[in-house]
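Single-structure report; data block below.
The values are calculated or read from the model by the stated rules, or taken from the named source; none is laboratory data. Keep in mind that this is a model prediction, so the values were computed, not measured. Cβ placement follows ideal geometry from the backbone for every residue including glycine, while neighbour counts extend to all protein chains displayed.
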Amino acid sequence: MYNIGNDIVDLNVAKTQSNWQRKGFLEKQFTMYEQNEILNADNPFLKVWLFWSMKEAAYKCYMQQHKKRFFAPKKFLCKIVSTTKGNVILEDEIFYINYIISDTYIYAVATKKNDVKMVSNSFFVEKNTALTKIINTKLLSYFSEDIQLKKNRLGIPYLFKKDKKLPISISKTHHGNYGAFAFSL
């Protein structure tokens, strides 16, 4: 089993609910390298939210391993490797990122292993639905009926069977009209 993290950004919601161009936003969230990449990108808006989703996915992966919460997005350095892959570096750790950029969302999955393909399932969620219930129902349909999804005190999700924690790393995310989960065996 290896740790996994994921994050999704609904681009339509990001356009209306967040102003990445406001004074101080880039400086608080991104390293100088990332700020330069954003400001020189063909589409700075997409680069902001790609880097954000990469950082969030890496953070979730880190949390599973170290069980420590903190908020320091500038400690995570994002680098793009290809049109679907990137790396996030935090001190001496590297997180390998697989990502998808569509017309309406950005989805990133982080692992600590470089040879892992995107082992995840994504799905569209209609507005005005019980998002967590949908995520849990769709996720748990991959497993037997006696599997439960529980979170620890830090909010890290785990799968249990008859109150015994299973050796499966799992991450779930939602934003706007989208929800997704990723798991590794």
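General observations
- Picking from residues in region 32-75 that are hydrophobic (A, V, I, L, M, F, W, C) and outside any helix (DSSP H, G or I), the one that is surrounded by the fewest Cβ atoms within 10 Å (Cβ to Cβ) is Phe71.
- Residue in region 94-103 that is under 11 Å from the mean Cα position of the chain (by Cα) and hydrophobic (A, V, I, L, M, F, W, C) present: yes
- The set of residues in region 78-122 that are modelled with pLDDT of 95 or more, in a strand (DSSP E or B) and polar (S, T, N, Q) contains only Asn87.
Each row is one residue, and each column tells you yes or no for (1) buried (at least 23 other Cβ atoms within 10 Å of the Cβ); (2) not hydrophobic (A, V, I, L, M, F, W, C).
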position	(1), (2)
Tyr2	no, yes
Gly5	yes, yes
Thr16	no, yes
Leu26	no, no
